[in-house]
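Engineer: Below you will find the structure I want to go over with you.
Derivation of every value follows stated rules applied to the coordinates shown; laboratory data play no part. Treat the numbers as computed from the prediction; the structure is a model and nothing was measured. Quick reminder, even Gly has a Cβ in these numbers, built from the backbone with ideal geometry, and neighbours come from all protein chains shown.
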Amino acid sequence: MDVFTTPSRIIITCHKWLSPALQAEVKELGFSVVRSFQTGVELSGTVEDCIRLNLNLRCASQVMYSLKAFTCNDPDELYNNLLTLPWENFIAADGYFSVTSNVFHTTIQTNLFANLRVKDAIVDRMRNKTGKRPSTGSTLSGAVVYLFWKHEEAEIFLDTSGETLAKHGYRKLPGKAPMLEALAAATILSTKWDHQSPFINPMCGSGTLAIEAALIATNRRPGLLRSNYAFMHLIGYNEEVYLKERAKLTEQIKEREGLQIIASDRSDLAISTTKTNAAAAGVENLIQFATCDFEKTEVPEKAGAVIMFNPEYGERLGDEIELNATYARMGDFLKNQCKGYTGYVFTGNLDLAKKIRLKPSRRIEFFNATIDCRLLEYELYAGTKREDKLSEKQDV
Ligand SMILES: C[S@@+](CC[C@H](N)C(=O)[O-])C[C@H]1O[C@@H](n2cnc3c(N)ncnc32)[C@H](O)[C@@H]1O
C-alpha cells in the first residue's frame with residue numbers, strides 16, 4: 001500500500017476549543033470535514049493531502065493518517081495486531097522513528113509502556129522481513145507512529161507532522177506569558193477582522209497576536225517557516241510534491257498596501273522581543289512598534305478596525321489590585337478612544353474582565369494551557385453604554 005496515494009481516515013488534532021477555527025481552515029483548503037470534536041477534526045485523504053495540510057494549517061497540532069483501527073484488550077493484543085502491518089513499506093529499515101500515544105486503558109499504567117510495545121512490534125516485523133531494524137528515540141525528527149487506545153478501541157496512525165504544528169517557528173524569544181501561536185491565530189480568525197483594516201495590539205508582549213495578524217493578512221502560511229516534517233521520512237516520499245506545495249505558499253503571499261498593524265507594550269524588552277520575533281517571521285516591515293502605556297497607543301480612525309488585548313490575568317497574590325485598575329482603564333480606553341472599532345480582550349480571569357464594564361457582544365470559549373479563557377468581543381459604536389452596577393454582576 002502506498003500511503004501517499006491511498007485515501008484513509010485523517011485526524012487533525014488541535015488544542016482544546018481550536019477546532020471551529022481549524023475546521024474553517026480545512027474547508028478553505030477544499031477538504032470536506034467528516035466530523036469535528038473539541039480537540040480535532042476528521043476527514044478522508046492521502047499522505048499527499050497531509051503534505052498540503054501540514055504546510056497550510058495555522059490552528060492544528062498534528063496531522064495523523066490512519067493505518068488500522070482494531071479492538072484491543074491488552075498489550076499482547078496490541079503487539080500482535082501491529083505485527084500484521086507492513087511497516088517495511090512505511091519506514092526505511094536503516095531509518096529512524098519515534099512512537100507517541102494517548103492511552104486510556106486499565107492494563108496500561110504509563111504511555112511509555114504502550115509506546116514500547118508499539119516499537120517492539122514494528123522493529124520485530126522489520127527485522128523479520130528485511131534482516132535490519134531502524135533506530136528509535138524520543139526526538140520527533142524522523143518518522144513518527146502514533147497510537148490512540150481508549151477502552152477496547154485502538155487505532156494506529158502515521159503522524160505526518162512530527163514536531164507540533166501549533167508552534168509556527170518564529171518565536172526566537174519567549175517574552176512573558178506568550179500565547180501559543182496556534183491559539184493566537186485561532187483567536188484572530190474568530191474575530192470580525194477583514195485582514196485589511198487596522199489591527200491594533202496593545203500589551204503585545206512577545207508579539208504573537210500582531211505577528212499572527214500580519215501572517216494572516218498577507219496569507220503567509222506556517223510551511224514557509226519550517227523545513228522538516230515527519231512525512232519526509234516515510235517510504236514513497238516524493239520531494240517534488242512537497243516542493244510544489246511549498247512553491248505555492250510563496251506564490252500565494254498577498255501584498256497588502258497600506259496595511260496598519262500596530263504592536264505596543266510598556267516594556268522596552270517586550271518591544272525588542274516582538275521585533276526579533278517579527279523579523280524571524282518575515283513580517284517586521286508590516287508592523288509599527290511603540291513602547292508606551294496602552295492608553296497612548298495610536299488608534300487610527302478607519303472603518304473595520306480591530307483592537308485586541310491579551311492582558312495579564314493575575315497568577316500571583318497581590319497582582320489583583322493593580323490588575324483591577326488596569327482592566328477598568330482598558331474599559332475606559334475602549335469606550336472613549338476606540339469608537340467605531342470592534343474590541344477584543346483575551347483573558348483567563350472573568351472576575352477581572354467584569355472591571356471592563358462594557359457588555360460583550362460575544363464570548364468565545366478558549367483554553368490556554370490549563371486555564372479556561374474567553375475572547376470577549378465589544379462593539380464600540382459611538383453610543384456604547386457603560387454597564388451599570390447591576391449588570392457588572394452578570395457573568396462575563
Ligand atoms: C500576557 S502579556 C501578553 C502576551 C502576548 N499576547 C504574547 O503572546 O506574548 C501582557 C503584556 O502586557 C504588558 N502590559 C501590562 N500592563 C501594561 C500597560 N499598562 N500598558 C502597556 N502594556 C502593558 C506587559 O508588559 C506584558 O508584556
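Engineer: Among Lys16/Lys176; Lys167/Lys296; Lys176/Lys296; Lys119/Lys172, which pairs are too far apart, with a Cα-Cα distance over 26 Å?
Structural biologist: Lys167/Lys296; Lys119/Lys172
Engineer: Count neighbours as other Cβ atoms within 10 Å of each site's Cβ, and list the trypsin sites (Lys or Arg not before Pro) in segment 267-373 that are DSSP loop with at most 10 such neighbours.
Structural biologist: Within segment 267-373, the qualifying trypsin sites (Lys or Arg not before Pro) (loop, at most 10 other Cβ atoms within 10 Å) are Arg316.
Engineer: If you don't mind, another one. Reachable aspartates and glutamates from Lys248, Cα under 13 Å, same-chain residues fewer than 8 places away excluded?
Structural biologist: The reachable aspartates and glutamates, counting only those whose Cα sits under 13 Å from Lys248, are Glu240.
Engineer: What list of whole percents do you get for P(r) of segment 8-159, with Cα-Cα distances grouped in 5 Å bins up to the one holding the largest distance?
Structural biologist: Using 5 Å bins, I get a P(r) of 2, 9, 18, 20, 18, 16, 10, 5, 1, 0 for segment 8-159.
Engineer: In addition: Give the percent of DSSP beta bridges with both residues in segment 8-159 that are antiparallel, rounded to the nearest 5.
Structural biologist: 75 percent
Engineer: Note the angle between two axes, namely the Cα long axis of helix 239-251 and the longest principal axis of the Cα atoms of the chain, as a number of degrees from 0 to 90, rounded to the nearest 10.
Structural biologist: Helix 239-251 sits at roughly 10 degrees to that axis.
Engineer: Give the lysines reachable from Lys192 as a straight Cα distance under 20 Å; neighbours fewer than 8 places away on the same chain don't count.
Structural biologist: Lys27, Lys254, Lys302, Lys335, Lys339, Lys359
Engineer: Considering only C-alpha atoms, what is the centroid distance from segment 47-121 to segment 170-248, in Å?
Structural biologist: 27 Å
Engineer: Which log10 I(q)/I(0) values does the chain give at q = 0.07 Å⁻¹ under the Debye formula, counting every alpha carbon as one identical point scatterer?
Structural biologist: Summing over Cα pairs of the chain leads to -0.38.
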